[in-house]
Amino acid sequence: MPRYEGPNVVPGRHWHRLSDGRIQCDVCPRECRLSDGQRGLCFVRARSGDEIVLTTYGRSSGYCVDPIEKKPLNHFLPGTPILSFGTAGCNLTCKFCQNHDISKSREMDTL
């Protein structure tokens, strides 16, 4: 099974062991049940040995300063710049997603 290692891999929290040997992630309602080497649907959390690790820690998929009107906050402080920041990973699977390649990227992918 693959071991997840490197500077962007850190131990995760919010999981528990199941009686069948798998580990269940408790971060979102999907409750992914992982065997060794598997990743959750979000691609952010993976099982490595006997723990859940975060595989995207410190990996920015992009950041920029945008006008607030570009965001769903357009009636909050009009004319104000806002920092947009994102990381890889998402627990949704929207077919129309403009960021699908980013949301499902693996640690070896260049963002």
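What follows is calculated from the coordinates using simple rules that are stated; it is not laboratory data. Predicted model, so just to flag it, every value in this text is computed and none were measured. When we count neighbours, we look across all protein chains shown, and the Cβ atoms used for this are built from the backbone with ideal geometry, even at glycine.
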- Note on the structure: Expected sort for Arg17, Arg59 with the fewest Cβ neighbours (10 Å cutoff) up front is Arg17, Arg59
- Task: Compute the distance in nm between two label points, each set 7 Å from the Cα along the Cα-to-Cβ direction, one at Leu41 and one at Ser19.
- Result: 2.5
- Message: For a quick check: sort Lys104, Lys70 by the number of other beta carbons within 10 angstrom, fewest at the front.
- Response: Lys70, Lys104
- Using alpha-carbon pairs under 8 Å, 6+ residues apart, how would you state the relative contact order of the chain in percent? 22
- Query: Counting only residues 5 or more places away or on other chains, whose amide H sits under 5 Å from the amide H of Ser61 once H atoms are built in the peptide plane?
  - Reply: Gly86, Thr87, Ala88
- Query: If you take the beta carbon distance between Asp50 and Ser84 as r and set R0 to 41 Å, what does 1/(1 + (r/R0)^6) give as a FRET efficiency, to the nearest 0.05?
  - Reply: 0.65
- Task: Return Ser19, Ser61, Ser84 ranked ascending by Cβ neighbour count within 10 Å, so the fewest neighbours appear first.
- Result: Ser19, Ser84, Ser61
- Phi-based couplings in Hz for region 12-25 (Karplus 6.51, -1.76, 1.60; Gly and Pro marked x): x, 10, 6, 8, 8, 7, 9, 5, 8, x, 7, 10, 9, 7
- Item | Sequence-distant residues sharing a close amide H with Gly12 (under 5 Å, placed H) | Ile52, Val53, Leu54
- Task: Specify which labelled value, from (1) 2, 13, 16, 14, 12, 11, 10, 9, 7, 5, 1, 0; (2) 2, 10, 18, 17, 12, 8, 7, 5, 6, 5, 4, 3, 2, 1, 0, 0; (3) 2, 12, 18, 19, 16, 13, 9, 6, 4, 2, 0, agrees with P(r) over Cα pairs in 5 Å bins from 0, in percent derived from the coordinates of the model shown.
- Result: (3)
- Message: How much length would be gained if the chain were fully extended between Leu73 and Cys28, taking 0.36 nm per residue of separation minus their Cα-Cα distance, in nm to one decimal?
- Response: 13.8 nm
- Check cross-link reach from Lys104 to the lysines: straight Cα distance under 23 Å, and skip same-chain residues fewer than eight apart. Lys71, Lys95
- the chain: calculated mean residue ellipticity at 222 nm from DSSP helix runs of at least 4, using -39500 (n - 2.57): -500 deg cm²/dmol
